[in-house]
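A short write-up of the structure that comes next.
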Amino acid sequence: MASAPHAGQWYVAAQSRALPPGHTLVKTVAEQEVVFWRPQTVGAQVQAASAVCPHWGGPLGEGAVESDGRLTCPWHGWQFHNGACVTRPGLKLPRYLAYDDGLFLWVRLPWDVADMTEPPLQARPTPSKSFAFHLIIESDVYHVQENYLDFLHPSEYHTTVFNHCRHLGREGDVHLVELGYKMPFGRSLLTRTRIWAPTPYQIRNEVYAGLGRGTVIESHITPISAHRSVIHEAYHVPAQNVPRFGWPFMRYFMQRSARRIRDEDAIFAARRYQLRQRGFVDGRGLPIAGQVAPYEDEWMQSEDGQQTAQKLEGLVGKTASSHW
Ligand code: FES
Ligand SMILES: [Fe+2]
């Protein structure tokens, strides 16, 4: 199941804090080398463009950010501003829409979606305490999302963290799931969450009852290439749920558990993606000599299956000849 990288969409490329004023940041998004830069000027917007200089291909990510927002190529010093080459007028640098939502840097790859000028931001509780992290997964975005939307896997797969999982129903596209955090003596701390995919590249969790009520988890899946994805994930805890001076402690334990779960998910999605690439079919396994095994009922109905059944039937009551 080969898949092409996505295009024409808004993607979360990095955390905002990875790009201080006066600096550049290069990220590969859907196989495009994108350079972000943030002019020194207070309040200046983040800029994004192809990181490949249109002259001889110089690495614009290693270029200097001028105070007025121009970007200078390190190879021959050509300067770019607002998508145009200042040094050689007429030469264009492919420019992308960029947006800084205060936590994440977004980029919109330009082709095939003309109307999406705003990134699909997720609402965040305010005031809240937040943390974010990312991890890279050797899988296409579909298998990452498949894993996120496989609602019953936590208590079967993340067994060090969860010991209970129940799908309570759905409201349209929103799934209601009850999870039990593992406690000593076989007990659980219950939490109920709404989970859905606001866009094909996002998952949202809203904890609406039990432990961590009001917490929001926004997950953004960005294709780096057809075979590799990155997840940027942010946790927002409403400020009223954070004890005074308790945030560093809470954050430490939440992040540790979140990372552990996501590292396990990364292994899961990557293995499934890689097996699918080799022809794996759910319930049938990997192909042998180009063929996957049939399901049991298909086998029973097939000619081979019928013949085998008849042969076994014919053995009833018979005695084998002995060579003793
Ligand atoms: S390669 Fe960028 S100026 Fe020559
Ligand atoms: Fe998981």
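May I ask you to derive the FRET efficiency for Arg260 and Tyr295 from their Cβ-Cβ distance with R0 = 41 Å, giving the value to the nearest 0.05?
With a Förster radius of 41 Å, E is 0.70.
What percent of all Cα-Cα pairs in region 23-97 falls in each 10 Å bin, counting up from 0?
Reading the bins upward from 0: 22, 59, 18, 0.
How many nm is it between the label spots at Arg170 and Lys182, if each spot is 7 Å from the Cα in line with the beta carbon?
With each label placed 7 Å out from Cα toward Cβ, I get 2.9 nm.
In whole Hz, with x marking every Gly and Pro, tabulate ³J(HN,Hα) for region 28-45 from phi via Karplus 6.51 cos²θ - 1.76 cosθ + 1.60, θ = phi - 60°.
Running phi through 6.51 cos²θ - 1.76 cosθ + 1.60 with θ = phi - 60° gives 8, 10, 6, 6, 9, 7, 10, 9, 9, 8, 10, x, 5, 3, 4, x, 5, 6 Hz.
For the chain, list the cysteines whose Cβ sits under 4.7 Å from no other cysteine Cβ?
Those would be Cys85, Cys165, since no other cysteine Cβ in the chain comes under 4.7 Å of theirs.
Considering only C-alpha atoms, what is the centroid distance from region 237-276 to region 62-136, in Å?
Taking the Cα centre of each part, region 237-276 and region 62-136 sit 28 Å apart.
Can you put Thr160, Thr193 in order, fewest other beta carbons within 10 Å first?
Result, fewest neighbours first: Thr160, Thr193.
List, in order, the whole-Hz ³J(HN,Hα) value for each residue of region 204-216 obtained from phi through the Karplus relation with A = 6.51, B = -1.76, C = 1.60 and θ = phi - 60°; use x for Gly and Pro.
Once rounded to whole Hz, the list reads 10, 10, 10, 6, 10, 7, x, 4, x, 3, x, 6, 10.
Helix-only estimate, please: 222 nm mean residue ellipticity of the chain, summing -39500 (n - 2.57) across DSSP H runs of length 4 or more and dividing by its residues, to the nearest 500.
Calculated at 222 nm, the ellipticity per residue is -6000 deg cm²/dmol.
Let me test this: with uniform point scatterers at the alpha carbons of the chain, what is the Debye-based log₁₀ I(q)/I(0) at q = 0.08, 0.10, 0.11, 0.13 1/Å?
Relative scattering, expressed as log10 I(q)/I(0), comes to -0.52, -0.73, -0.83, -1.04.
For a footprinting-style exposure proxy, rank Ile221, Ile203 by other Cβ within 10 Å, fewest first.
Placing the least packed residue first, the sequence is Ile203, Ile221.
FYI, it's all coordinate maths here, none of it is from the lab. No experiment lies behind these values; they were computed from the predicted model shown. Don't worry about glycine lacking a Cβ; one is built from the backbone with ideal geometry, like all the others, and counts go over all protein chains shown.
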